[in-house]
Amino acid sequence: MLLRLGWTTVLFLLLVLASPPAQADTVTVYDFEGFDDLTSLTTQYSGLAFSNTIILTAGISINELEFPPHSGVGVASDDGGPISVSFAVPVLSFGGYFTYALPLTLTGFDALNNQIAAANTAFSSNDGLYGDPGSSPNEFVSIAFAQGISSVTITGSPEGGSFVLDDATLTTESSAVPEPSSFYLLLNLVGGFLLVSFRKRLFCKSL
């Protein structure tokens with residue numbers, strides 16, 4: 001009975017070795033902290049390229065009662081037109097916390113600039129002082145596309161100055177690869193177990 005249980009364990013370990021590594025999604029949040037007020041945001045974040053984007057600071061360039069940050073004091077705002085963000089590596093999803101004076105549209109595009117996803121805000125306005133009834137600042141709006149989003153555009157006023165974005169959130173795909181040392185250690189353990197089981201089987205036959 002002990003020998004049979006041992007072989008079952010061996011088979012289980014072999015199946016574990018043969019299984020592909022588990023995949024997990026990586027979530028990254030950009031909080032727009034650490035910039036001087038009125039900084040033009042372009043390529044300061046590695047792998048991201050912003051256009052028509054300016055950093056505003058609560059209590060300095062924006063009224064935090066009307067446009068309160070979701071976290072910290074820094075937010076991104078549309079400057080001179082809709083915000084566009086392109087990604088060096090396509091992302092699975094993009095979202096953020098928006099406070100806006102006009103309704104917003106979040107649009108995603110693939111590498112060929114084809115529209116692949118879109119989302120709209122729930123209200124026409126949700127700022128802290130003059131927002132629509134039932135609204136509240138920092139509405140989370142997001143889009144997702146399993147084949148990957150190469151760029152997004154956030155459109156409010158064509159002239160800009162219509163919303164703030166905080167805690168922009170990206171989801172990217174990553175895979176977990178087992179370390180070689182762990183792999184070979186497990187192989188050695190299985191090999192040793194097989195050798196011990198084989199010798200025990202021979203000993204039992206000789207009795």
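The values are calculated or read from the model by the stated rules, or taken from the named source; none is laboratory data. No experiment lies behind these values; they were computed from the predicted model shown. Please note: Cβ atoms are built from the backbone with ideal geometry, for glycine as well, and neighbour counts cover all protein chains shown. For the accessible areas, the whole protein counts, side chains as well, though only heavy atoms, and no ligand, DNA or RNA atoms are used. Shrake-Rupley method; radii C 1.70, N 1.55, O 1.52, S 1.80 Å.
The table for this structure:
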item	result
Fraction of accessible area attributable to carbon and sulfur, region 40-139 (%, probe 1.4 Å)	54 percent
Gyration tensor (alpha-carbon) shape descriptor, region 77-166, a/c threshold 1.5	prolate
Heavy atoms of Ser71 accessible to a 1.4 Å probe, total area in Å² rounded to 10	40 Å²
Approximate spin-label separation Glu159-Phe35, in nm, with each point projected 7 Å along Cα-to-Cβ	2.2 nm
GluC sites (Glu not before Pro) within region 137-177: DSSP coil, no more than 13 neighbouring Cβ in 10 Å	Glu159
Integer Hz, Karplus 6.51/-1.76/1.60 couplings in order for region 128-139, x for Gly and Pro	x, 10, 10, x, 4, x, x, 8, 8, x, 6, 7
In sequence order, calculated HN-Hα J values of region 77-94 (Karplus, 6.51, -1.76, 1.60; Hz; x Gly/Pro)	9, 6, 10, x, x, x, 6, 10, 10, 10, 10, 4, 10, x, 10, 7, 8, 9
